[in-house]
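Here's the structure, in structure tokens; my notes come after.
The values are calculated or read from the model by the stated rules, or taken from the named source; none is laboratory data. All values reported here derive from a predicted model rather than from experimental measurement. Don't worry about glycine lacking a Cβ; one is built from the backbone with ideal geometry, like all the others, and counts go over all protein chains shown. All accessible areas refer to the heavy atoms of the entire protein, side chains included, with ligands and DNA or RNA removed. Shrake-Rupley method; radii C 1.70, N 1.55, O 1.52, S 1.80 Å.
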Amino acid sequence: TIDGKNALVQSALAEAWSHLGSESNASQAARRAFELSRDAPPEEARLIEGRYDELSKNWGKAIDIYQSLWNVFRDNVDYGLRLANAQTSAKKTKEAFQTIEEMRRLPPPLRDDPRIDLAEALAAELAGDFHREVRAAEKAAAIAEQAGARLLVASANLRACWALNQLGERQKAREYAEQARRTFVAVGDRSGEASAL
């Protein structure tokens, strides 16, 4: 409201709407951000365009944009994560795993970001490699736990739950789901709570 003509603000709003499940509001804010980004610095404009393409499910274009950002700004894990997630969404899991490995070769603490392991878990799920998904999700949860990142722990527990369920380990899957549910309830994340249930 205060800065409605700021492209980055509109882009962040689009992402927030998307996380809340309001695709029409997300799309509208992303389009507005893209329109406002014409005078933005090149890096900022590319990021906004990538988010717009991502929310529009234009995976090929989003991948190209995030790849170009990742190629130039190797110290920005967010660009690598966006690239890997777009590749996964486009069902290009081989490329997503390559991007994840590139992030793992970064110097610490960049390579220790638990979101890298969550990205691997998601790609492994799409590839049908549920054992790999469990390992990656459990690693993400352990790192996030040490950092006190409760929502990342809960997200990792949901990934592990899904994979274990696919592997027929129902009791352990339920335990992970319940751990995630408790965290989501504690922080007031109703969408996360519903997913865990």
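A few notes on this one:
- Think of segment 42-169 as a dipole: +1 on every Lys or Arg Cβ, -1 on every Asp or Glu Cβ, centred on the Cα centre; then among 77, 62, 154, 62 lies furthest on the positive end.
- Extension reserve of the residue 74-residue 35 stretch, reckoned as 0.36 nm per residue once the Cα distance is removed: 11.3 nm
- Lys, Arg +1 and Asp, Glu -1 on Cβ, resulting dipole of segment 13-119 about Cα centre, debye, nearest 20: 300 debye
- About its Cα centre, the chain has a charge dipole of approximately 320 debye under the convention of +1 per Lys or Arg Cβ and -1 per Asp or Glu Cβ, with nothing else charged.
- With respect to the chain, whose longest principal axis is taken over its alpha-carbon atoms, helix 77-89 is tilted by about 70°.
- FRET efficiency, 1/(1 + (r/R0)^6) with R0 22 Å, evaluated for residue 104 and residue 147 via beta carbons: 0.80
- Measuring nothing but how far apart in sequence close Cα pairs (under 8 Å, 6+ apart) lie, relative to its length, segment 60-188 scores a relative contact order of 16 percent.
- Residue-level accessible surface for residue 61, protein heavy atoms, 1.4 Å, Å²: 90 Å²
- Listed values (i) 173, 27, 16; (ii) 71, 44, 25; (iii) 53, 36, 29, entry calculated as Cα extents along the principal axes in Å: (iii)
- Share of carbon and sulfur in the accessible heavy-atom surface of the chain [1.4 Å probe, %]: 50 percent
- Accessible solvent surface per residue of the chain, calculated while the other protein chains remain in place, 1.4 angstrom probe, Å²: 54 Å²
- If R0 equals 22 Å, the separation of the Cβ atoms of residue 187 and residue 12 corresponds to a calculated FRET efficiency of about 0.65.
- Two-site label geometry, residue 172 and residue 197: point separation in nm, points 7 Å out along Cα→Cβ: 2.7 nm
- Segment 61-167: projected area of the alpha-carbon convex hull, averaged over directions, in nm²: 6.1 nm²
- Computed with every protein chain present, the accessible area of residue 113 is close to 30 Å² [probe 1.4 Å].
- Across 5/57; 92/139; 92/172; 57/92; 57/94, pairs whose alpha-carbon gap is larger than 26 Å: 92/172
- Relative contact order, percent, segment 116-197 [alpha-carbon distance under 8 Å, six or more residues apart]: 23 percent
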